[in-house]
Amino acid sequence: MTDTEPAESLRARIRAGDRTAFADLYDRYARAVHNHALRLTGDWSEAEEAMSETFLAAWRTRESVDPEGGSLGPWLLGIATHKAHNANRGRRRRLAFLARSPRPRPVEDFAEETAGRIDDARRLAAVHQALGRLRRQDREVFALCVAAGLDYRQAAEALGIPVGTVRSRLSRARARLARLAEHQAEPVGAGQAGAEPPAARGEMESEAALAALFLREETS
């Protein structure tokens with residue numbers, strides 16, 4: 001697959017089960033799929049598993065690909081969103097089970113590589129914590145549009161929802177994060193009655209901060 005290959009041609013090859021085309025598709029989108037799953041799960045191993053399951057599901061359902069359309073990225077990210085949601089549900093069940101089980105004896109970890117992952121873990125935790133304050137549907141739209149860079153139409157295609165729903169969910173997510181950012185940054189004594197909240201500025205700052213975290217995670 002090349003950047004100049006018509007999207008319809010690639011879709012036809014994928015639908016026909018062309019393994020070379022599918023391998024190229026993996027090479028192009030595996031990192032984006034993994035990073036999207038990582039943002040939604042907050043866990044490296046679960047993101048790896050979600051990525052593997054995404055491409056396995058994509059291969060199994062390749063005949064469902066619309067013969068006409070643009071990039072196949074939205075299709076893959078839509079599958080990844082579903083797989084990440086399932087991973088989160090599975091983790092909650094495991095945690096609930098462990099909470100009812102006796103605690104194991106603590107084991108010290110002297111691995112040197114552990115220290116090298118602390119900063120990465122902190123950045124990931126910050127992203128996941130921020131996104132965790134959103135409703136699941138809003139979080140998924142925000143991750144697709146802001147972090148993965150999909151436009152409204154592509155995000156709608158990925159999630160199988162109307163474009164208008166994408167717009168409203170993204171607007172709600174931005175407003176929620178803006179309120180949280182303003183609350184954290186507001187000095188003591190600020191916020192007198194009648195003051196107009198700087199919604200637009202807070203919206204841009206909160207979105208830019210999260211986008212920067214996403215970028216740093218992707219390139220680390």
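The values are calculated or read from the model by the stated rules, or taken from the named source; none is laboratory data. All of these numbers come straight from a predicted model, not from anything done at the bench. So basically every Cβ, Gly included, is an ideal-geometry build from the backbone, and we count neighbours across all protein chains shown. Each accessible area value is taken on the protein alone, full model and side chains, heavy atoms only, with ligands, DNA and RNA left out. Shrake-Rupley method; radii C 1.70, N 1.55, O 1.52, S 1.80 Å.
Summary table
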{"quantity": "Heavy atoms of residue 171 accessible to a 1.4 Å probe, total area in Å² rounded to 10", "calculated": "70"}
{"quantity": "Pairwise label distance in nanometres, residue 23 with residue 61, each label 7 Å out on the Cα-Cβ vector", "calculated": "2.6"}
{"quantity": "Accessible-area ranking of 8, 140, 63, largest first, probe 1.4 Å", "calculated": "63, 8, 140"}
